[in-house]
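No lab work stands behind these numbers, since they all come straight from the coordinates. Predicted model, so just to flag it, every value in this text is computed and none were measured. Don't worry about glycine lacking a Cβ; one is built from the backbone with ideal geometry, like all the others, and counts go over all protein chains shown.
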Amino acid sequence: MRCYADMLREMKRALFLDRDGVINRERGAHTVRLEEFEILPGVPEAVSAANAAGWTVIVITNQSGIDLGLYDHAALDRMHGYLHDVLQANGTHVADILYCPHHPTKGRCLCRKPGSLLLERAAARHGTDPAFSIMIGDKQRDVEAAMAAGVRGVLMDANSSLLDQLRFERVIP
Ligand SMILES: [Mg+2]
Ligand SMILES: [Zn+2]
């Protein structure tokens, strides 16, 4: 029989991260073009440290600019491809990026935060346990989405240091 400590060690924990204001600079407007996608200082180091500490890092983001016609899926893929490249160049990675492309004026969906569908989908896809996971975002709706998915939600200031936040929350040493 396996003991409880073994089970805890095997439990996969997700570190869910909001995108705008946490990974790249929140501009106070939609990030439409790749040139506007500015990765914040210390983010590759923060993701690297989280992975090293055993977290599966997953990005969960509202991208209603797609529904609004400000950019399309291909443009978003280019931004996320760039993020993957920068992380890879730093020897690290995020396991997944899930986004909601919907805008509330075009009808309701379940995936837009504060909805919890994307967190639940990510947890199912990656086999992570919500009870041992954490979500960090810069808006109250990030925390609400986390809570609805049974995940601890943490609010941080937009464009502040993710590295400091992860240390403060004891996500990383
Ligand atoms: Mg944000
Ligand atoms: Zn949606």
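Which one is surrounded by the most Cβ atoms within 10 Å (Cβ to Cβ), of the residues in segment 63-86 that are closer than 22 Å to Leu166 by Cβ and within 14 Å of the chain's Cα centre (by Cα)?
Leu83
Select from segment 97-114 the residues that are farther than 20 Å from Thr56 by Cβ and either more than 15 Å from ligand 1 (Cβ to nearest atom) or among the charged types (D, E, K, R) (or both) and list them in ascending order.
Of everything in segment 97-114, those that are farther than 20 Å from Thr56 by Cβ and either more than 15 Å from ligand 1 (Cβ to nearest atom) or among the charged types (D, E, K, R) (or both) turn out to be Pro101, His102, His103, Pro104, Thr105, Lys106, Gly107, Arg108, Cys109, Leu110, Arg112.
Mind counting the residues in segment 95-109 that are loosely packed, with under 11 Cβ neighbours inside 10 Å and of a type in the set (Lys, Arg)?
1
Go through segment 115-124 and give me each residue that's away from ligand 2 (no atom under 12 Å from the Cβ) and farther than 13 Å from Val57 by Cα.
Kept after step one, since they are away from ligand 2 (no atom under 12 Å from the Cβ), are these residues of segment 115-124: 119-120, 122-124.
Of everything in segment 115-124, those that are away from ligand 2 (no atom under 12 Å from the Cβ) and farther than 13 Å from Val57 by Cα turn out to be Glu120, Ala124.
Scan segment 131-140 residue by residue and report those that are touching a residue at least 40 places away in the same chain (Cβ under 8 Å) and either more than 18 Å from Phe168 (Cβ to Cβ) or part of a strand (DSSP E or B) (or both). Step through it out loud before you land on a result.
From segment 131-140, those touching a residue at least 40 places away in the same chain (Cβ under 8 Å) are 132-139; that's our starting set.
Residues satisfying the conditions are Phe132, Ile134, Met135, Ile136, Gly137, Lys139.
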